[in-house]
Amino acid sequence: MTGGAVRAAFAEQALACADMGSPLTARVLRLLGKALSPGALVDDLVLKWPGDPSPFADSVPLRLAGGLHALILSGQDRSLADAYTHADALDDPTFCAAVQGAMARHSSFLTRWMQSPPQTNEVRRSAILIAAGHWLDRHFGLPQVLSELGASAGLNLIWDRYALTAGQMRLGPPDAVLDLSPDWRGTAPVSGAPQVAHRAGVDLNPLDPVADRLRLMAYVWADQTDRLDRTARAATEAARMSAPITRADAGDWLDQRLRQPFNKQLHLIFHTVAWQYFPQATRDRARAAIHAAGARATETAPFALLGMEADSADPGAGLTLRLWPEDRSIDLGRADFHGRWIDWRAPAP
């Protein structure tokens, strides 16, 4: 990949960060996109990235931003922490020099960090899962088996422990760990009583909510303290619940998972901003397993696939739901990538 494509990826991601409420991360990426130069270890890794560095593929800018935040959270670079804290008082050359200094001091750490894709595990995406979970309960009236592809630390695998407030409606348990209140647009969600019978997830690099807390928190943008707080509370609950997350290829795991009988239960597969990171071979295996499971679905053992992923439309991500045995596709609407707003279009169940 050319250096021009890499710089374009940094510029594009900077605009996205600004749009999603992180002016600090936007500034870091905007300046680095212009300042990267051959000769330094991290700069060379970024400029010679072998794959697609863009936000809709390998997300190289977010990998680097996460690594820099990790240096601050772990206390490894006090100078960088000071620069982030006082960023508004620093002009661009001074601020950029502080960031580049940290990249030079911690080049080995950053090059290792960047080998894995971002794992944001954005908890506010669970607002979509809550709304869909209630809709599916009204539609099928069955206990739900949850299977998450790209589960990271499993923070969204425990969506039934959170509450959603949408207008005058509140969905979720009275003792919810988090109350999510996105800007709700479109139709009102329906209220059900979803019961989770079993949950499990898969990830190539699953994060333990205790042991891997640094990586989990580092991909939350440094100037978004509300997101940091939500992530920390969700991680504590995920550690308590200990939902099993397997280290494996999603396609292989899904093929085995879908062969298990779940009679008189709805099996819900879901992925939120994860599909883009799967290699093509993984996507092909997952699709084959899903279609085979759909063919086996019955009225007493139905199957559903829920996706929240980037597509060719704007703004935000598309929300799609497919149901079997009826083999029906439903447009649920769109949502901000971080769950700040949801435009809900689900029909009546």
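The values are calculated or read from the model by the stated rules, or taken from the named source; none is laboratory data. Since the model is a prediction, treat every value here as computed from it, not as a measurement. Cβ sites come from the backbone with ideal geometry, for glycine too, and all protein chains shown count toward neighbours. Surface areas here come from the heavy atoms of the whole protein model, side chains and all, with no ligands, DNA or RNA. Shrake-Rupley method; radii C 1.70, N 1.55, O 1.52, S 1.80 Å.
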Residue list for the stretch 101-153, restricted to those being part of a helix (DSSP H, G or I), among the hydroxyl-bearing types (Ser, Thr, Tyr) and closer than 30 Å to Gln76 by Cβ: Ser107, Ser108, Thr111
The stretch 274-314 - residue that is in a strand (DSSP E or B) and open to solvent by less than 20 Å² (accessible area, probe 1.4 Å) and, of those, farthest from Leu62 (Cα to Cα): Phe303
Considering residues of the stretch 151-192 that are crowded, with 22+ Cβ neighbours inside 10 Å and among the polar types (S, T, N, Q) only, the residue modelled with the highest pLDDT: Asn156
Meets criteria (modelled with pLDDT of 95 or more, within 18 Å of Ala83 (Cβ to Cβ) and open to solvent by 30 Å² or more (accessible area, probe 1.4 Å)) for Arg30: yes
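Please work out if Gly39 is open to solvent by 30 Å² or more (accessible area, probe 1.4 Å), part of a loop (DSSP other than H, G, I, E, B), without any contact (Cβ under 8 Å) to a residue 24 or more places away in the chain and not β-branched (Val, Ile, Thr).
On the way: open to solvent by 30 Å² or more (accessible area, probe 1.4 Å): yes; part of a loop (DSSP other than H, G, I, E, B): yes; without any contact (Cβ under 8 Å) to a residue 24 or more places away in the chain: yes; not β-branched (Val, Ile, Thr): yes.
It is true that Gly39 is open to solvent by 30 Å² or more (accessible area, probe 1.4 Å), part of a loop (DSSP other than H, G, I, E, B), without any contact (Cβ under 8 Å) to a residue 24 or more places away in the chain and not β-branched (Val, Ile, Thr).
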Out of Asp229, Asp212, sole residue that is closer than 24 Å to Leu68 by Cβ, free of Cβ contacts under 8 Å to residues at least 40 places away in the same chain and not aliphatic (A, V, I, L, M): Asp229
Scan of the stretch 217-233 for residues that are among the acidic types (Asp, Glu) and under 18 Å from Tyr162 (Cβ atoms), ordered by number: Asp226, Asp229
Scan of the stretch 244-273 for residues that are assigned to a helix (DSSP H, G or I) and surrounded by fewer than 20 Cβ atoms within 10 Å (Cβ to Cβ), ordered by number: Asp252, Asp255, Gln256
Conditions (1) surrounded by 15 or more Cβ atoms within 10 Å (Cβ to Cβ); (2) more than 23 Å from Ala18 (Cβ to Cβ); (3) modelled with pLDDT of 95 or more: number failed by Arg240: (1)
